[in-house]
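Below is one structure; the comments refer to it alone.
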Amino acid sequence: MSNLALHQITKRFGAVNVLHGIDLEVRDGEFVVFVGPSGCGKSTLLRIIAGLEAASSGEIRLDDRLVNSVSAADRGLAMVFQSYALYPHMSVRQNLAFGLENIRMPKAEIEARVMEAARMLLIEPLLNRRPGQLSGGQRQRVAIGRAIVRRPGIFLLDEPLSNLDAELRVVMRAELAALHERLDATMIYVTHDQTEAMTLADRIVVLRDGRVEQVGTPLELYNKPANRFVAGFIGSPRMNFIEALVDRASLDVGGRRHGMTGIELAPGTPVTLGVRPHEVDITDVEDGTLALEITLVEQLGAETVLHGKTHLGGNFTLTSPGQGRFAAGDRVGLALPSELHVFDAQGIAITPR
Ligand SMILES: Nc1ncnc2c1ncn2[C@@H]1O[C@H](COP(=O)(O)OP(=O)(O)OP(=O)(O)O)[C@@H](O)[C@H]1O
Ligand SMILES: [Mg+2]
């Protein structure tokens, strides 16, 4: 186990700045997930921590020691790549042992570590096969096993499940969570899948365009998103956004009123309201704060997802429990909850709940 501290990390590729001063502390044994859209700098940041890429400026500390100029091999970290990067001509056993043989570890110790990892990952029967003779999930386990045998201070995982089909991802996600428990290891995990982030993380770091937007536990981010970007990124289906105007003790939502206290903004100030899909109640068209014309109905069995257009012209998605009796073309009203997420013109949360 190890802890990690990043201070004002920047990264430039030629003239392009991709990381703009990242600060972060990861505690011993913590499972931290970097999440954000494609190209926001997740892999670059992970590779800088690993020592595979040099930061342009800033400090990287491992267990309170500055490691900027320490090579990847000497940082005591192990990285699992999206591509697995297994050696195709070697058996699973050789793939697991290779890194340890390189550092001239005694044979008996290598054998013990390989067997321990194989047992933990349920790949003992596969030790004599080659990667080409394994399923995606099995290859994935070998890649993780190769990290485990090194007993790293920190596991760095870059989208390790993205090559797997949806069902296997869910299984492997649970296995990873269990493995984290068992190893009591510090893990830093990169994904652009917010569900993976929500289910695995002790803390999530939301990145956007090379900056940290917010750091917090999954529920902190879900319940109190600091801004519109985080609000829209965390939670599925996505949060809905509605334009409104502050109007004394209420809000003006496209000509309809929504009573709301606790907003201390001048009447006439434009705001954006954030509403999660399960937070609205369906009413008669005239009674809702929003009128919605349903354009698409998705029956999932346990719940129904309704997509539509509001009287303001924006898209809106809501979920209703059970097998709703709605059809495309129906018009309904939507009652908004009394507590809403409110964002200012810059997208910053005004009354985080
Ligand atoms: N070696 C490089 N040279 C120039 N630009 C690079 C290099 N590596 C990455 N970049 C750029 O840096 C930015 C961040 O890339 P990075 O791979 O870290 O994104 P990411 O968040 O991991 O995205 P994804 O989810 O698609 O994997 C991108 O705009 C990318 O094009
Ligand atoms: Mg990446």
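Bear in mind that the values in this text are calculations on the coordinates, not laboratory data. This structure is a prediction, so every number in the text was calculated from the model and none was measured. Glycine also receives a Cβ, built like all others from the backbone with ideal geometry; neighbour counts cover every protein chain displayed.
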| Of 118, 328, 291, which is the most mobile in a GNM of the chain whose springs link Cα atoms less than 10 angstrom apart? | 328
| Vicinal HN-Hα couplings computed from phi for the stretch 96-108 (Karplus, 6.51 cos²θ - 1.76 cosθ + 1.60; Hz; Gly/Pro x) | 6, 7, 3, x, 7, 5, 4, 9, 6, 6, x, 4, 5
| task | Go through 66, 259, 236 and say which Cα lies farthest out towards the positive end of the charge dipole of the chain; charges sit on Cβ, +1 for Lys and Arg, -1 for Asp and Glu. | result | 66
| Charge sum, other residues only, whose C-beta stays under 9 Å from residue 33's C-beta, Lys/Arg counted +1 and Asp/Glu -1 | -1
| said: What Kirkwood Rh does the stretch 4-233 have if only Cα atoms enter the pairwise 1/r average? Answer in Å. | reply: 18.3
| remark: Here the percent of antiparallel bridges among DSSP beta bridges lying wholly in the stretch 58-198, to the nearest 5, is 20
| message | Under 10 Å, Cα contacts only: if you run a Gaussian network model on the chain, which one of 263, 242, 154 comes out with the highest mean-square fluctuation? | response | 263
| query | Rg and Dmax of the stretch 294-338, Cα atoms, in Å? | reply | 10.5, 30
| remark: Percent antiparallel among DSSP beta bridges confined to the chain, rounded to 5, stands at 75
| query | When DSSP assigns beta bridges and you keep just the ones with both residues in the stretch 144-220, what percent turn out antiparallel, to the nearest 5? | reply | 50
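Would you list 305, 275 from fewest to most Cβ contacts within 10 Å?
Details: 305 17, 275 21.
Least to most surrounded, the residues fall as 305, 275.
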| message | Cross-link candidates for residue 224: which aspartates and glutamates have Cα within less than 18 Å, leaving aside residues fewer than 8 places away along the same chain? | response | 202, 213, 279, 339, 344
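Using the count of nearby Cβ atoms within 10 Å as a rough guide to exposure, how do 158, 64 rank from fewest to most?
64, 158
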| request: For the chain, give the magnitude of the charge dipole about the Cα centre (Cβ charges: +1 Lys/Arg, -1 Asp/Glu; no others), in debye to the nearest 20. | output: 1320
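Can you tally the net charge around residue 58? Count Lys and Arg as +1, Asp and Glu as -1, for every other residue whose Cβ sits under 10 Å from the Cβ of residue 58. Provide the component values of the computation, followed by the final result.
On the way: positive: 11; negative: 23, 59.
Overall, the nearby charge balance is -1.
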| Just 316, 343, 326 to compare: in a GNM of the chain, with alpha carbon springs under 10 Å, which one fluctuates most? | 326
| field | Simple spin-label estimate for residue 195 and residue 70 in nanometres, 7 Å along Cα-Cβ | value | 3.8
| Proximal lysines relative to residue 42, as straight alpha-carbon distance under 17 Å, when same-chain residues fewer than 8 apart are discounted | 11
| task | At q = 0.18, 0.20, 0.25 Å⁻¹, work out log10 I(q)/I(0) for the stretch 240-343 with the Debye formula, treating every Cα as an identical point scatterer and leaving solvent out; two decimals please. | result | -0.81, -0.96, -1.38
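Sorted from fewest to most neighbouring beta carbons within 10 Å, what does the list 107, 309 look like? Each step should come with its number before you reach the end.
On the way: 107 10, 309 14.
Neighbour counts put them in this order, fewest first: 107, 309.
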